[in-house]
Amino acid sequence: MKLGRKVNSLASDIQKILIFSDIQFPYLDKPSDEALNELIVDWQPDIAVLNGDGIDFPTISHFEKDNRMSRFSDDVLGYKEYLQKKNRLLPKKARKHYNAGNHEDRLRKYMNEKASELVGLEELEIPNVLGIRDMGWGYTPYYDPMSEASAPGLDLGGLLVTHGYNVSKHSGQSARASFEKFGGSGVMGHTHRLGAYYHTNYRGNYVWLEAGCLCVLNPFYTVSPDWQNGIVAGYIVPKEDDKPARFDIRQVPIVHGKMMFEGKRYG
């Protein structure tokens, strides 16, 4: 008796989606990032979202300074090279989007506090400083919860990808807070953790994921933080007419620079 047909390839309306964040250049974890590069080349996502805190901007931070710290210009040029490499690895037809995080927002805060004369110069806005739009990426500024006029991130027809602004003590708690703030389903960065929160009510089934990080797990400014390297990847059927997007996404832990996804090893 024939029970069904074998599916050998993706349906034409299903797209591969990759979400990664919290690289905090120059403090990226190089083995984890190389594993990500291998996945990009092999898997070839249709949608890629860099979900904030790509660059750390340590030289203009209020926090403790690294005594090995490079110059502001070195960090910017190095990070632009990082983005250019990702651009070369991603498919030419891929949709690419950059959600700024609170670390990118350090440049705006620095100018407001110490160089207000420069505020308003387009050349000093993040998309131009980092060359994001020149590389073909969409861009959303950092979401400031005190300003309801700002967009929280990239809304993919019911799946919200936002950097996030809240950090709770345990894995999954920040995901829950994001559900309570925004509703629906989504993916957040910011916490440097892998975590999940699922919720079902009469309106439907929802999930919020914390996407981990790609930065080093032993930074100079703290000891043994509760962080995990990782990304989020999976599949999405974009929103059509009055139907919300459907998706199957999951966290992919990266442990000691290695990860497994869909039965393959990377790193």
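The values are calculated or read from the model by the stated rules, or taken from the named source; none is laboratory data. Here the structure is a predicted model, which is why all the values come from computation and not from measurement. No Cβ is skipped: glycine too gets one built from the backbone with ideal geometry, and neighbour counts run over all protein chains shown. For the accessible areas, the whole protein counts, side chains as well, though only heavy atoms, and no ligand, DNA or RNA atoms are used. Shrake-Rupley method; radii C 1.70, N 1.55, O 1.52, S 1.80 Å.
So here's what we get for this one:
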| read-out | value |
| --- | --- |
| Residue 81 loosely packed, with under 15 Cβ neighbours inside 10 Å and part of a helix (DSSP H, G or I) | yes |
| Residue satisfying condition, being in contact with a Lys or Arg (Cβ under 8 Å, 6 or more places away or on another chain), farther than 18 Å from residue 54 by Cβ and free of Cβ contacts under 8 Å to residues at least 24 places away in the same chain, within set 265, 203 | 265 |
| Residues of segment 241-261 that turn out to be in contact (Cβ under 8 Å) with a residue 40 or more places away in the chain and either outside any strand (DSSP E or B) or over 25 Å from residue 190 (Cβ atoms) (or both), as a count | 5 |
| Test for residue 169: is it modelled with pLDDT under 95, under 16 Å from residue 145 (Cα atoms) and open to solvent by 10 Å² or more (accessible area, probe 1.4 Å) | no |
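Matching residues to (1) at pLDDT 95 or above; (2) within 25 Å of residue 103 (Cβ to Cβ):
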{"residue": "191", "(1), (2)": "yes, yes"}
{"residue": "203", "(1), (2)": "no, no"}
{"residue": "219", "(1), (2)": "no, yes"}
{"residue": "227", "(1), (2)": "yes, yes"}
{"residue": "243", "(1), (2)": "no, no"}
{"residue": "252", "(1), (2)": "yes, yes"}
{"residue": "259", "(1), (2)": "yes, yes"}
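Conditions (1) aliphatic (A, V, I, L, M); (2) surrounded by fewer than 21 Cβ atoms within 10 Å (Cβ to Cβ); (3) part of a strand (DSSP E or B), marked per residue:
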| site | (1), (2), (3) |
| --- | --- |
| 191 | no, no, no |
| 205 | no, yes, yes |
| 209 | yes, no, yes |
| 220 | no, yes, no |
| 224 | no, yes, no |
| 231 | yes, no, yes |
| 236 | yes, no, yes |
